Each structure stands twice: as structure tokens, then as C-alpha cells.
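What follows is a set of notes on a single structure, which appears directly below.
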Amino acid sequence: MTPRPDPLRARWRRSSSVLFGAALVAALLPASPAQAAPICSVDYQTNDWGSGFTAQVSVTNEADSLSSWELGWEFSGNQQITNSWSAQVSQSGSSVTAQAPPWSSGLASGQTATFGFQATYSGSNAAPAEFTLNGLSCAGGDEEPDPETPALAVDPTSVSLEPGGETTFDVALSAAPEGDVPVSVERSSGSEALSVASGGSLTFGEADWDTPQEVTVASSSDGSGEPAQAEFTVSAEGYDPVVVTARELTGAANEYEEEFLTQYEKIKDPESGYFREVDGLLVPYHSVETLIVEAPDYGHATTSEAYSYYLWLEATYGRITGDWGPFNDAWASMEAFIIPGTADQPTNGSYDPSSPATYIPESTDPSDYPMPLDPDAQAGQDPLAQELSSAYGTDEVYGMHWLLDVDNKYGYGFCGDGGDDVPAYINTFQRGSNESVWETVPHPSCETFEHGGENGFLDLFTDDDNYSQQWRYTNAPDADARAVQVAYLAHEWASEQGNADAIAANVSNAAKMGDYLRYAMFDKYFKEIGDCVGAQSCSPGSGKNSAHYLMAWYYSWGGALESAEYPWAWRIGGSSAHQGYQNVMAAYALSETEALQPESATGAEDWGNSLDRQLEFLEWLQSSDGGIAGGATNSWEGTYAEPPSGTSTFHGMFYDEKPVWHDPPSNRWFGFQVWDMERVAEYYRVTGDERAKGILDDWIPWAIENTTVGEDGEFAIPADMEWSGQPDTWTGESTGNPDLSVEVVSHGQDVGIAAGLAKTLMHYSAATGHAESRAMAEGLLDALMAHQDGLGVAVPEERADYERFDDQFGAPDGGLYIPEGWTGQMPNGDPINSDSTFLSIRSFYEDDPNWPKVESYLNGGPVPEFTYHRFWAQVDVATALATHGELFGDGS
């Protein structure tokens, strides 16, 4: 697979490099004049400043696998190479050869290798006209070219329409004909209720062969019977026929599914404000309201979590209606905006899997930052990179970055250029486990030193002798795993309808995403798992012995910008695993479902190991009460420190009551319980795995005992929890953990988590017949429906934590820390210095329509109250209704 084109982001990218068409040889040239049997294709891009340039070269092997490779070309001018990276480049006169690096000598069929070099020149700097691979011309042999087979271009080949309604598809030709070409469209099989209403006879000529002409299919049914389906054949003399499948949409089968569609329409209504439309694609906001501070620090940011819920919404819509177009649109939006593309991660070809990253210790105190690099603490080997490059023909990483500034509110723009009002990758959390959202400094994911201080924002986080312009992204594995889970559900539902082909491409993309998600299974610096103490003494891993096979809190990747003199790239996994991020449904889908098995050599095997390990993990963490405790780490306090004596272990990892996140403690929120157990319950319903049932048999009664449902919409679910003790060291079987307990210390009305709890109870009830679970779930759904408004389902909530808006460093709860003497600016001119607060570097909040409530509170007034419409929560409510419709119908 060649690197994915990025048409939406291409417009926003600064033109620092040029794609030379002359260098796109062989298979990348038009087909008709090409020579036979091309053996390679080359992408040659430069960053030119008039007297010198850097080049990034990608070579794709179009022939049989090679055990080693050497790319050759001739310069047409006086270009002279001065240094290179990711390949051994040598030059004799105008002749250049680039040999494979020692850590990646082979080049499989379809695989791409990327390297770079710097050179000087005077005069002209034309791209090389021809390349050779191992001495053979990339263009292949000199025999006469084969004539191109003309084709009918039909898009799409699967359409849906309402009973009694219409739908369209486009027809064109793939190449100019010598004369007029008549094209006919006729129903070739299926229901007579579907017919060609217009466009049955089309003609294409030499002037308009590539201009699409529209065909309209109409339905004559009234929707009372089974949905109609038919096939329409597009044909022309001398062209292979193309078949288009048309299906009538289904509708809600019961009142719960009707209510899902009601909530769906509210969410998708442009007037509601859940989305921003960019170039025809929808980008979900974190919430309708802009003034909201939680993990995202602004309501019109978005997260990879929100995107995974967007997929879930559209997959459920596809199940109920048979229309999978919105699901595909959601995935297209993901690829355009939150999965970094080629322009966003340009120097992955410089990545060396034998030396994946330089170790940087973490600290539990944000005021200890910036933290120094420690090159003496050796990282292990990355066992995934070469396998992934071979499988997908690219060195890019296919995963979501966790945070997107949808409206470009901060003003960083693409790659920090402060440009157009387009979604921009940003980051916040960077300074250890005690850095709350109130103590973060928003910064661009592409650091060009255009904003912040002298070194941009880098020297707030890392202490280095030399700072380089760079890009870097952080993945939230919970979100990517949910996307895979949803793709599995979509595949199952579409297959039952006979619609699997409609989403096959994106189901395959989900498998690919799951392949890269394996980075979350590995220690942060690829060190061996188990009793890992001492950053310099803990053994670097090799092969898979650095894999814990759990879903860590993150994985990350980054590298130098294209303009760097010596490009480099890095990747890290995650040493700490939280129970709330585990997803046995994703692990099951990626290891057991053919359509979702990754293309890599060991991807499915790794996910099979992960499925077993995750179930063990939850058994190990289950308290004597039934709740699931925090998690485990392979790097105590982020420094591979020695934990307190007597700390229990899981496969050598240390028990961590609150992994990664301490302000507030990451094990305190009931929502993580529900997110994880919902997946376990669904997995049990699908597979009948008794290990999952054992976990649920203890968790479900605990959750029910701590939940109440009353009259007129009254309900209360657990909100905050406190833990005591620790689990017993894992020996392969649960002991019941008599010394680990949990207490629910507060209750609340989080509508999203209440809906997730209802789904968990329904899956469990459907699998076991447990009547109390179903009754509680239905009670929760009824209560939620009593809190409907014009935008969805919501309840008022007080935000006492908003007192931290203007906390300075040293306040009782913390406050924003900026080192003494460090100065800089946000893009809007807000100064950054040791007197800064959360608000002072986000002065735009003072213009928010809801700001007066907060301002009054800061001046001694009452705690402000807000009614928030979080996107993920609204989707949880809607899909809970649909789950009841799927599993129990109307409930009669």
C-alpha cells in the first residue's frame, strides 16, 4: 500500500517542499505510454533554498522481494551531496547510489523505504529523470507498451434510498474514446420496485468523457414490505460492465430504535452545534458548549475519543437503516483530520527501530520540569516497525492523535504556522502524573519556534543542549480500540444485511489501525517487562519481551521537520496500563475475526495474547467488593524507580493504585469502570467466555447495589470512589483479593455513564437472563429520557473546580508552573511567564458568553452551574436506546 494521499491537508501545508512529477516514474506515471513491467516507483521531494537543498526519497519495490537494495540516479547539474540519513548514500561525479541501511536491508514486494540527504548546488536543481533499483531501470523492459483497457468509471457501486424515494450514482469513462460511446443502465436482477428514473441512456465523447453524468434510481414501494434490493448493470460496447447494487433503507423496528433516531437527528442537526463542517466532512466537537474544562481544556476542541463515538453513532445508524454512507463519511473525517497524514509526519523514514527513543525521566511534580534527557539509559529494540512497514508499504504510523483544536482557537494552524481557520493538532499534558488540566500549556504538535519562547515550548518540558524543530503525536489507545470495536460491530451488522462490501474498505482500515495500536502493548522505552528497576540497569528488550500485552495509557511518535539538517524520528510505547483502557472486544475482533485480522505477520497473534492478558488483568484487579482497581506499571513513577516494599505484581509489573494520572486520581471516576465493563459484557454476550462471566458476576451486583432509580427522572449512579489495600500478587488464578476494597463516596447523574451502565447491564442480561440487570437498565433509560431538551439529554451540574481558572503557581490546588525567567507568547499575544495562570494564557475565555458565571464565582459568588451536552455522552445515550432495541425490542 502506498502512502495515503492527504488532499484536505495539502492546501494548508506550507510549500516547503516540491513534488517533482518527473521523479514519479514507472507505476506512478499514466498507464498508456508506460513501459511494461515496472520494477519500482520513486517519490523525490526537496526543500530548496537556492544554494542548497534537502531531499526526501521514497522508493517502492513493485517487483519481487529483495534481500538488499541499491537505488541509483544521475544528477543533471552540479549537485553535491554533503550528508545523508536512513541510507548509505555515495556519489561519484554526477552518479549517486543509495544503499539500504544495515537495520533494514531488505525490501519486500510493495514495500517502501524512505531516506534523505542534504546537498549543495549552483545554477539549476532539476529532479533526476530516471532511477535504477539494483542496476535495473525502474521503468522496466523496452517492449511495446500494452494498450490500456478502457473502463467505465462508476461511483459509487452501492447506493441506498428511502422507500418511495430516489438516489443517484455517477458514470464516466476512464480514458478519452476515439468517438462517441453510448452507455446504457438497466436493472439486471432484483425487485421491480426499483427502476432507472433517469440516465438510462448516456453518451460520452472526446470532449466530455471524464465529466460524470448522473443516473437516478427510484423506488415505487410504500415501505410496508421487506426492503427492496436490485442490481443495475452499466454497460457499453468494448467496456467491461459494472454492477451497481441499490437497496431500500430499513427503519426502526421498535420504539427504542425510533427514540434512537430521534436522538440521532438532534445530534446531526447542524443547528444543534455538535459538529463543524470542513470541506464537506463533519468534525465533532467535545461539547456544544465552549466553556468547559476537563481533559480537553476547551469545548470546541475534540478528541480521538469523540471520533470513536462518532463512528459508533454512525455504525448504529447503519444497523437500523441500512445506510452505511455516514459511517464511511465518519472514517473519512478521521483520516482527514485526526489521523496524521503524510504531510503531518514527514520524516518517519529516518526512524531506527534498534534505537527507538532517548530516555527522559518523568516527575510527579510539574515544577521539576523541564526534565533532562538521559542517553545512558538504553532503550530496547522496537520489534514492530519493520513488520508494519513490510505489511503496509510505508513508514508512517496509522493512529489517531488524541487532541484537535477544531476551530483553531489557539491559532497555531497547520504545523504551527498560525494559518487558516482549520483544525490543528495540539497537545496539553506533558509534565508528569500530577499535572492537571489546570496546569497545562497548550502547544502545537508541530513545533516550529513560531510561538512560545526562544525554543517554542520545548524547553518547558525537556532540558536539552540543542532544540530542534519537530512534530510529535500522542495516541489514546482507548479511542483507537473503541474504533476497532465499532468497526467489528459495523461489519457484523452490515454482513447480516448483505451490506458488508459497503464498509469493507474501512473495516480493513480498522484492522490496520489495530495493527499499529500494538505499540500500546509495549514498555515506553521497550525495556523488558517484569521487575524493571533502574533506568540504566533495567534490561533493554529484544523481540517481544518488552510487551506487556495490555492497553497502556498512550503511545507516541515524532521526528524532525523536513527542513532539519539531520532528520530523525522516534517512537515510544507506554509502561503503565489502566483498567479503564482495556478493550477485550477489540482484542477479540483483531485476533478472531477474519475481516479484522491485521496484515502484519504477528498482529493477530499479538492480539490473541492481549485478549488473554487483559482478562487476567481484570481478574487480578477485581476487589473483594466487585469493583476493578487502577492498574499496573513497568516503570514506577515514570523513572523505573523501586516501588514500596511489598508492592504486589502482575506478570512482574507493579500494582499502581492510580496509573499515570494523579490530579484527580485516575481510579476515582466510576466512568472508567463502566467503559471497561461494557466491553467485557458485550464480549461475554458474543463469545460466552466464562472468564468474562466470572468478572461480571461480581461486578454487576456491586454496580446495581450502588445505583438507584426513582420516579420522574430521579436516578443516581456512582461518581467517585476510594480504594484501600492492594490485590494479591498474580500467580495465574484470582484469590478474590480479600485485602483490596472500594468505597463509593459520592453519587451523580452523569448521563453518558448512566447510559453506558445501562448497556453493560443489558449485555449481561441478554447473555444470562438476569432479570434485575435488565430492569435496572430500563429504569435508567426511562430516567434519562425524562431529562431531554432540544439538544439531547442533559442535567445541570455544578463546577466548583472552576475556582482554579486564576490559580497562580503555589496555590493550594497547584496552579500553572512556568519556570522563573522563562518568557514567551501565545499566538494571540497572551504573555507566558512565571505569573501566568490557566486563564491568562487563554484570555479568549473572557469573551465566552458563559464567562460571567465563572467571573462571579471567582469574585466570591455562587458555584456556577452548567448544563453540558458532551458529544460522547449524547452518543452513549442514543446507542443505549438502540442496544435495547437490538437485544430486547420494545421489551414486551
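Observations
- Just one of (1) among the hydrophobic types (A, V, I, L, M, F, W, C); (2) modelled with pLDDT under 95; (3) part of a strand (DSSP E or B) fails for Phe654. It is (2).
- Scanning region 107-137 for residues that are surrounded by 13 or more Cβ atoms within 10 Å (Cβ to Cβ) and free of Cβ contacts under 8 Å to residues at least 60 places away in the same chain turns up Leu107, Ser109.
- Check on Ile360, in contact with a His (Cβ under 8 Å, 6 or more places away or on another chain) and either assigned to a loop (DSSP other than H, G, I, E, B) or closer than 26 Å to Gln45 by Cα (or both): no
- Residue among Ala589, Ala564, Ala520, Ala535 that is at pLDDT 95 or above and either surrounded by fewer than 24 Cβ atoms within 10 Å (Cβ to Cβ) or not in a helix (DSSP H, G or I) (or both): Ala535
- Candidates are the residues of region 841-892 that are among the charged types (D, E, K, R) and crowded, with 23+ Cβ neighbours inside 10 Å; the one that is farthest from Ala301 (Cα to Cα) is Asp876.
- Selection over region 734-746 of residues that are in contact (Cβ under 8 Å) with a residue 12 or more places away in the chain, surrounded by fewer than 16 Cβ atoms within 10 Å (Cβ to Cβ) and either of a type in the set (D, E, K, R) or out of contact with any Ser or Thr (no Cβ under 8 Å at 6 or more places or on another chain) (or both) gives a count of 4.
- 2 or more residues of a type in the set (Val, Ile, Thr): qualifying strands (runs of 3 or more DSSP E) within region 220-304: 229-235, 242-248, 301-303
- Among the candidates Asp789, Asp807, residue that is exposed (fewer than 14 other Cβ atoms within 10 Å of the Cβ) and either modelled with pLDDT of 95 or more or not hydrophobic (A, V, I, L, M, F, W, C) (or both): Asp789
- Where a residue in region 185-201 is within 20 Å of Asp222 (Cα to Cα) and assigned by TED's automatic domain parsing to the domain that holds Gly225 and its partner, wherever it lies, is among the charged types (D, E, K, R) and part of a loop (DSSP other than H, G, I, E, B), with Cβ under 8 Å and at least six apart: none
- Region 456-484, residues that are part of a loop (DSSP other than H, G, I, E, B) and of a type outside the set (A, V, I, L, M): Phe457, Phe461, Asp464, Asp465, Asn466, Tyr467, Ser468, Gln469
- Number of the exception - Leu404 against (1) under 22 Å from Asp847 (Cα atoms); (2) assigned to a loop (DSSP other than H, G, I, E, B): (2)
Matching residues to (1) in contact (Cβ under 8 Å) with a residue 60 or more places away in the chain; (2) under 12 Å from the mean Cα position of the chain (by Cα); (3) crowded, with 24+ Cβ neighbours inside 10 Å:
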residue: Pro477; (1), (2), (3): yes, yes, yes
residue: Ala483; (1), (2), (3): yes, yes, yes
residue: Val486; (1), (2), (3): yes, no, yes
residue: Glu492; (1), (2), (3): no, no, no
residue: Gly498; (1), (2), (3): yes, no, no
residue: Ser508; (1), (2), (3): yes, no, no
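- Contacts under 8 angstrom Cβ, first residue in region 306-320 being assigned by TED's automatic domain parsing to the domain that holds Ala481, partner of a type in the set (Gly, Ala, Ser) and not in a helix (DSSP H, G or I), 6 or more apart: Ile320/Gly251; Ile320/Ala252; Ile320/Ala253
The values are calculated or read from the model by the stated rules, or taken from the named source; none is laboratory data. Quick caveat: nothing in here was measured; it's all calculated off a predicted structure. Because the Cβ atoms are built from the backbone with ideal geometry, glycine has one as well, and the counts that use them run over all protein chains shown.
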